[in-house]
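In what follows, a structure is listed as structure tokens, so that the remarks can point back to it.
The values are calculated or read from the model by the stated rules, or taken from the named source; none is laboratory data. Since the structure is predicted, the reported quantities are computational estimates derived from the model, not experimental observations. Positions of Cβ are generated from backbone atoms using ideal geometry, with glycine treated the same way; all protein chains shown enter the neighbour counts.
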Amino acid sequence: MLTASQVSGFFLPVPADPHLNVAGTWVGTVVLGVLAIVSSAWLVTLSVKRRDPIPAMLVIAGVLAFCGEWLGDIAYNIYYHSDGPVVIYSLFQRHVPLWILFLWVFYVPTSAFIASRLITKRAQISTLVAFAVGAGVAEVSAEVVMNQFGSITYYGNYAKVLGIPVTSIVQNGFMYLALGVLIVRLAPRLKGWRCLLLPPAVVLGGGAFFLVAIPNYLVIGNGDFPGVIVWSVAIALSGAEIALAIWAVARHYRNNPLPSDDSEPVRPLEVASSLPAERI
């Protein structure tokens, strides 16, 4: 446990560099790089074929999110090895590597786009939850591997699974449902040059979702709390993140019901397919 003397205000001092598996980190960087290139090419191709700038704008959103990575690293007690392969920039003792750029450019645009398509097609909540879990597991898997290689460290946090905080595991999947709703709501309003507003909107939306977990880091950064309290706060906030994402989707469905014709009333999405048609 950390004692009060080890705490520097809200933020904890950065740890010493862990042992770095250079070869492993390079392999992970190359794999993520290939995924980022393939996914970006797919989204840009969709934009060209459909004459829809939204998919390409999501790639830019991933790059923009990477530029603000250092701020999240400070708030969430994340540290990247200072001598890892290809450090893109360093700010306030945060050394952000190339593989994080690839991570942002691959996972954020792809997951947010798929979530928006599922929501547009009125996917059931259970389907969206399954997607969020799958997206979160995929993204966290990359962080777990890089954590084992010594490239990334979540320090000062005891509510972790395989080196990754519980709140991060949850938010890295369920935030895409909230972003999907944001994209679906904004897309019709972002015609012409206004499409350039989507990347900062996505980044700010993701940042707002991350704020739900801030109390977890207040607990970590302000005293010597017993592990049961840290775990209880982490679990409670993880539940809040899940509830927020599901609420955002449910509210969107409720406020934007399926269009009805003259002969059939609008029914709830979950039961509409199972009920016989009724005349009004």
Could you please let me know if residue 55 is of a type outside the set (A, V, I, L, M, F, W, C), at pLDDT 80 or above, buried (at least 22 other Cβ atoms within 10 Å of the Cβ) and over 22 Å from residue 25 (Cα atoms)?
yes
Would you confirm whether or not segment 66-80 contains a residue that is modelled with pLDDT of 90 or more, more than 16 Å from the chain's Cα centre (by Cα), surrounded by 15 or more Cβ atoms within 10 Å (Cβ to Cβ) and assigned to a helix (DSSP H, G or I)?
no
Which residue, of 101, 71, is free of Cβ contacts under 8 Å to residues at least 24 places away in the same chain, under 27 Å from residue 195 (Cβ atoms) and among the hydrophobic types (A, V, I, L, M, F, W, C)?
71
Residue check: is residue 105 within 25 Å of residue 211 (Cβ to Cβ), at pLDDT 90 or above, surrounded by 15 or more Cβ atoms within 10 Å (Cβ to Cβ) and over 13 Å from the mean Cα position of the chain (by Cα)?
no
If I filter segment 89-107 down to residues being hydrophobic (A, V, I, L, M, F, W, C) and not in a helix (DSSP H, G or I), which single residue comes out as farthest from residue 33 (Cα to Cα)?
92
Name the residue that is surrounded by the fewest Cβ atoms within 10 Å (Cβ to Cβ), counting only residues in segment 117-168 that are among the polar types (S, T, N, Q) and farther than 16 Å from residue 103 by Cβ.
126
